[in-house]
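The values are calculated or read from the model by the stated rules, or taken from the named source; none is laboratory data. Note that the structure is a prediction, hence the values are computed from the model and not measured. All Cβ positions, even for glycine, are placed from backbone atoms using ideal geometry, and neighbour counts span all protein chains on display.
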Amino acid sequence: MAEKEKQNIAVLLEEKRVFNPPEDLVRNSNVKKWMDEHGIKSYEELLEKAKDIEWFWAEVAKDVVEWYEPYKKVLEWNPPYAEWFVGAKYNIVHDALDKHMETDVKDKVAYIFEGEPGDTKQLTYHDLYVEVNKLANALKELGIKKGDRVGIYLPMIPELPIAMLACAKIGAIHSVVFSGFSALALRDRINDCEAKAVITCDSFYRRGNKVALKKQADEALEDAPSVEHCIVYRRTGDEVPWNEGRDLWWHDIVKDQPEECETEKMDANDPLYFLYTSGTTGKPKGIIHRHGGYAVGIATTLKWVFDLKKNDVWWCAADVGWVTGHSYIVYAPLILGVTSVIYEGAPNYPEPDRWWEIIEKYKVSVLYTSPTSIRLFMRYGEEWVNKHNLSSLRLLGSVGEPINPEAWIWYHKNIGKEKCPIMDTWWQTETGHFLITPLPITPLKPGSATKPFPGIQADVFDENGKSITNAGGNLVILKPWPGMLKGLYKAPERYKETYWSKFKDVYLAGDVARKDEDGYFWIQGRADDVLNVSGHRIGNSEVESALVSHPKVAEAAVVGKPHELKGEAIVAFVALKSGVEPSEELKKELREHVGVQMGKIARPDEIWFVNDLPKTRSGKIMRRVIRAKALGQDVGDTSTLANPEAVEEISKAV
C-alpha cells in the first residue's frame, strides 16, 4: 500500500451538540433497574464491569432465555471461532413462543399486520403458536428434518415469521431471501445452501401494483436441483403457474395438522439460519447464526436499548429479509413478549404520511428505521407529519448506515417532538445484534452511535493495528460476543480472510470510524468507500452529510473520479427537496457550503442534480453503481435495485 494510503482518514465534520436523556426515562429504564439490582451506580461503571464478558453475558442471559439443559461453560474462544453457552440444550422457539403459553402473554397480540391496500390482521401469541405448529408438522410430513435447509421467499406478511419459526421449531435451518431480490439472486442462494424446500406466495402488493412472486420463484427453480417442494401461500388470490408434484398450497398442507408440535431440543451452538450478504467478490456470503448466544444477544440488546415494556407497541420498519428483521421483528420481540407492527408496503404509498397514519392508528411507542427513510420524509416536508398525532412515541431508533446530524435533528424535532431520544445503532449481518449503540441513559451526540453496548469491546485501529483517537481508521471488535456469526457456509477460508486476517484475533468490521475524546464512535462508512484527495483520505458519508445539511438538499451520493493532480476528484450527485429548482448558482452555493462545513479540501469538483439516486430495496444508496455509471463503466447486475430507472438519471446528468 502506498504511504499516503496508510494515512488515517481525515475528520473534517465536527458535531458539538449533546442531548441528555429525560430523567424519568433514565429512572424507569430496564437498564437502570438491572444496574440497581447489581449495585452498579453509573453508565461508566456498567461499561467497566461488563468488560468481564463471561460474567456479563451469563448474568443477562438469566433474564431472557430458558435452557432445556444448562451450559457447562459460558465461552470457548478458539480464534476466530467462538462457542457460547457450551453444552446447553436449547431452541430459540421455546423462548419466542412455547414459554408464553404458560403466562398471560399467551393472549397478547404478537403482530399487528397492515397490508398495503389497507387490509389488517392481528395475531395473538397463541394464534402464532398454533400456526407455527401446524406448518412445522406439515414440514415434517414432507420429510424436512433437523439440519435440512429451507429457502423462504416471502414479502412482509405474518406468514414470513411463521415460516421461520416453523423451520426453527423442528431444527431445520431457514434461509430467507428478500422478496425484492431477482429470480437469479434467489437461485444462487437456494443452490448454495442446497435448500430442500422453498416457501413463497402467489403475489404481494407494492406501490399499488402486484408483484408476481411465485412466477419469480418458478424461474429460480428451473435450475435448483436440491428443491423437492415449493409451498405457496395465497396472499392476493391471483392465478399462478403450477408444477404438479412439486408445488403445494400452504392452506392445503396445514389444514388437518395438529395444533401441537414438539420443539426440537438443539445444541445451543447448532445453526438457526443462514443469511446471505453481499461480498466484494460479487458472490454472496452465507452468514451462519445459531440458536443460543444469538438469542441472548438480540433479546438483551432490544430490552436495554429500546427499553421495551409490556405495554409498548414496537415498530421495526425494516424488512424481515434483512438481518434487522430477523433479529428485531421476529426473534427478539417475541422472546420479550411484546407487540410488533408489520407493514407490507412502501413508506410513502399512497401518500407520504402512510407511516405517520400507522403510528397514530396503532399508538406505536417505539419506532426503529433507517436514515434513508428519514431523508425521504424530509423531502416531503413537515406538513405530512403534522397531520397526525405522534404523541404515543417515546423512543426512536436508526439503523443501516450512519445518520447525518441534520437528519438526526429533523427526526428528533419533527417525529420525536424533541422528547424522544434517538438510539442510533451500529451493527451488521455478521454481528447478529447491536454492538455500538446508546442506551436510554446515554447522553447523545447527533450522528454518533455513541459507545459500545456493555459486554462489547470495540476500538479504532490505524493500518498498523494501533489504537487511535480523533482520526478515522479501521473499526474493530476486540473480544467475541454472543450473537457473532458462527462462520460462512462452506467457506471457512473466506471467513478467516475477510474478518480476521488484518489484525490478529481481532474482528475487522470493514467500516471506517473515528473515536472521539469521550470514547464516542462516529461511523464514517465502508472502508472501500473512502476518497483519496491530494493525500487526504475523506469518508464519502461525511461529504454527503455536509451536502444534506443544506436546507435545499434531500439526498446526496458522493463518489471519487480519477484526477491527474489530486488522485481523486469528488463528484456529487444531489437530489433536491420538493419545489427547489436546480441552477448553476445553487451548485456554487453547495460547494461553498461543504467548504464551510468540512474545509476546502472536501468541496466537490463536480455537482450533478438528479431526481433520484439508485438504492437497494433496503434503502442503501448504491455508490458502486453510481461510480461505474459516472465513469462510463459497466454497472453489472442491477436486479437488487429498488429503482433501476435512477441509473439512467446518472447517465443523463453526466
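Looking at (1) within 29 Å of Pro333 (Cα to Cα); (2) at pLDDT 95 or above; (3) surrounded by 22 or more Cβ atoms within 10 Å (Cβ to Cβ), which is the one condition that is false for Phe178?
Among (1) within 29 Å of Pro333 (Cα to Cα); (2) at pLDDT 95 or above; (3) surrounded by 22 or more Cβ atoms within 10 Å (Cβ to Cβ), Phe178 violates only (2).
Filter region 380-418 for residues that are within 19 Å of Ile358 (Cβ to Cβ) and of a type in the set (D, E, K, R); which is surrounded by the fewest Cβ atoms within 10 Å (Cβ to Cβ)?
Step by step, filter region 380-418, then rank; the result is Glu383.
Please determine, by comparing only the residues of region 289-323 that are over 18 Å from the mean Cα position of the chain (by Cα) and over 27 Å from Arg27 (Cα atoms), which one is surrounded by the most Cβ atoms within 10 Å (Cβ to Cβ).
That would be Gly293.
So, Ser578, is that one within 22 Å of Arg379 (Cβ to Cβ), among the polar types (S, T, N, Q) and at pLDDT 80 or above or not?
Yes, satisfied.
For the condition within 24 Å of Asp319 (Cβ to Cβ), at pLDDT 95 or above, in contact with an Asp or Glu (Cβ under 8 Å, 6 or more places away or on another chain) and assigned to a helix (DSSP H, G or I), what is the one hit in Ile162, Ile157?
From the options Ile162, Ile157, the qualifying one is Ile162.
How do the pairs read when you match residues in region 254-267 that are in the same structural domain as Gly171 (by TED's automatic domain parsing) and among the small types (Gly, Ala, Ser) with residues anywhere that are assigned to a helix (DSSP H, G or I) and loosely packed, with under 12 Cβ neighbours inside 10 Å, using Cβ under 9 Å and keeping only pairs 6 or more apart or on different chains?
none
If you check Val105, Val109, Val60, which single one turns out to be over 25 Å from the mean Cα position of the chain (by Cα) and β-branched (Val, Ile, Thr)?
Val105
Would you be able to say whether some residue in region 579-598 is touching a Phe, Trp or Tyr at 6+ places or on another chain (Cβ under 6 Å) and in a loop (DSSP other than H, G, I, E, B)?
Taking every residue of region 579-598 in turn, at least one turns out to be touching a Phe, Trp or Tyr at 6+ places or on another chain (Cβ under 6 Å) and in a loop (DSSP other than H, G, I, E, B).
Condition first: under 10 Å from Val198 (Cα atoms), β-branched (Val, Ile, Thr) and not in a strand (DSSP E or B). Now tell me which residues in region 216-258 satisfy that.
Val227
Counting only residues that are free of Cβ contacts under 8 Å to residues at least 24 places away in the same chain and either hydrophobic (A, V, I, L, M, F, W, C) or not in a loop (DSSP other than H, G, I, E, B) (or both), how many does region 29-48 have?
Adding up the residues that qualify gives 8.
Residues that are assigned by TED's automatic domain parsing to the domain that holds Ile298 and free of Cβ contacts under 8 Å to residues at least 24 places away in the same chain: find the strands (runs of 3 or more DSSP E) completely inside region 55-129 holding 1 or more of those.
So the answer is 73-78.
Only residues that are hydrophobic (A, V, I, L, M, F, W, C) and in contact (Cβ under 8 Å) with a residue 60 or more places away in the chain: list them for region 145-162, please.
Within region 145-162, Leu154, Met156, Ile157, Leu160 qualify.
Among the numbered criteria (1) closer than 19 Å to Pro644 by Cβ; (2) in contact with a helix residue (DSSP H, G or I) (Cβ under 9 Å, 6 or more places away or on another chain); (3) assigned to a loop (DSSP other than H, G, I, E, B), which one does Gly180 miss?
So the condition that Gly180 fails would be (2).
Scan region 382-397 and report the pairs whose first residue is over 22 Å from Met423 (Cα atoms) and whose second residue is of a type outside the set (A, V, I, L, M) and assigned to a loop (DSSP other than H, G, I, E, B), with Cβ atoms within less than 8 Å and a gap of 6+ or a chain change.
These pairs meet every condition: Trp384/Glu351; Trp384/Pro352; Trp384/Asp353; Lys387/Asp353; His388/Asp353.
Output yes when any residue across region 336-351 is modelled with pLDDT of 95 or more and in a helix (DSSP H, G or I), and no when none is.
yes
Against the conditions (1) out of contact with any Lys or Arg (no Cβ under 6 Å at 6 or more places or on another chain); (2) in a loop (DSSP other than H, G, I, E, B), where does Phe274 fall short? Just the number, please.
Of (1) out of contact with any Lys or Arg (no Cβ under 6 Å at 6 or more places or on another chain); (2) in a loop (DSSP other than H, G, I, E, B), only one is false for Phe274: (2).
Just checking, which of Ala491, Ala513 is closer than 30 Å to Glu194 by Cα, touching a Gly at 6+ places or on another chain (Cβ under 9 Å) and not hydroxyl-bearing (Ser, Thr, Tyr)?
The conditions single out Ala491.
Taking region 524-569 on its own, how many of its residues are touching a strand residue (DSSP E or B) at 6+ places or on another chain (Cβ under 7 Å), buried (at least 19 other Cβ atoms within 10 Å of the Cβ) and among the polar types (S, T, N, Q)?
Matching residues across region 524-569 total 3.
What about Leu508, is it under 23 Å from Arg624 (Cβ atoms) and either modelled with pLDDT under 95 or among the small types (Gly, Ala, Ser) (or both)?
In short, no.
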